[in-house]
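The next block holds one structure in the form of structure tokens; read it before the comments.
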């Protein structure tokens with residue numbers, strides 16, 4: 001029995017040395033092999049960044065903050081009153097920049113300086129008219145072109161100085177533009193009227209000599225053919241009267257203004273043609289001659305011209 005015990009002990013101590021039994025009914029014994037352990041995972045830990053050194057202002061601010069935390073808490077009643085005063089803005093009035101600034105008399109020693117300093121900014125003032133604005137408005141009515149230039153200059157200066165322009169300055173610009181347009185239209189009409197009056201006066205002055213000559217023989221324009229000889233006198237006397245008529249209208253043509261010289265001259269030319277016909281034929285057709293000269297005088301428009309320029 002002892003040898004069997006030693007063999008069993010050897011098999012238990014070294015299972016790999018066990019002998020498999022012979023025979024078909026024998027069963028194989030498999031002993032698992034233990035897998036090796038995985039290598040340890042190494043994680044890279046970044047080195048801590050160096051802490052920057054504090055500046056003098058930051059050190060002062062940190063000291064003030066630590067001192068503030070070390071102070072004992074104020075009574076609740078005083079905190080409530082301070083909060084109510086801050087809400088009403090009695091101790092922190094609103095400035096022109098829309099920021100809240102500490103009231104005068106509060107000790108700000110030990111506190112860090114503000115990040116944004118708006119103390120150098122000018123205080124905002126509501127837009128209001130100034131003397132130059134009213135002057136520009138007055139000039140816009142009295143002298144529109146001058147008022148327009150003045151209003152533009154005033155608005156530019158006010159915008160640069162104050163950041164705004166008043167309503168009066170803008171109104172001055174609008175009024176001056178409208179009045180300048182009206183002024184330009186009136187000036188144009190005035191110039192045209194003055195030119196028309198000057199041309200009319202020039203025509204009246206140029207018509208004076210002809211008017212005086214026509215008035216020296218009153219009623220001549222009311223006669224047939226403007227004084228054409230119609231008396232049945234002997235031929236030599238009638239021919240002499242016809243030549244006198246021709247000479248008379250040639251003289252009037254020299255007195256006529258430039259714009260009436262052609263109609264008056266046509267009467268003298270028609271008389272010269274009739275004189276030549278009588279002299280060449282040594283006969284006269286009084287009715288035909290009167291009809292021809294009357295047609296020329298009617299076409300001259302001299303009657304209407306005298307009614308206009310010889311008043």
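Residue 234 falls short on exactly one of the conditions (1) in contact with a helix residue (DSSP H, G or I) (Cβ under 8 Å, 6 or more places away or on another chain); (2) free of Cβ contacts under 8 Å to residues at least 12 places away in the same chain, and that condition is (1).
Filtering segment 254-267 to residues that are touching a residue at least 12 places away in the same chain (Cβ under 8 Å) and closer than 14 Å to residue 299 by Cβ leaves 260, 263, 264, 265, 266, 267. Restricting 283, 207 to residues that are loosely packed, with under 15 Cβ neighbours inside 10 Å and either more than 20 Å from residue 302 (Cβ to Cβ) or not assigned by TED's automatic domain parsing to the domain that holds residue 145 (or both) narrows the list to 283.
Looking at 267, 220, which one is within 30 Å of residue 199 (Cβ to Cβ), buried (at least 18 other Cβ atoms within 10 Å of the Cβ) and over 60 Å from the mean Cα position of the chain (by Cα)? Let's see the steps before the verdict.
On the way: 220 fails: buried (at least 18 other Cβ atoms within 10 Å of the Cβ).
Unique residue meeting the criteria: 267.
The values are calculated or read from the model by the stated rules, or taken from the named source; none is laboratory data. Quick caveat, the model's predicted, so the values are computed rather than measured. We place every Cβ from the backbone using ideal geometry, glycine too, and count neighbours over all the protein chains shown.
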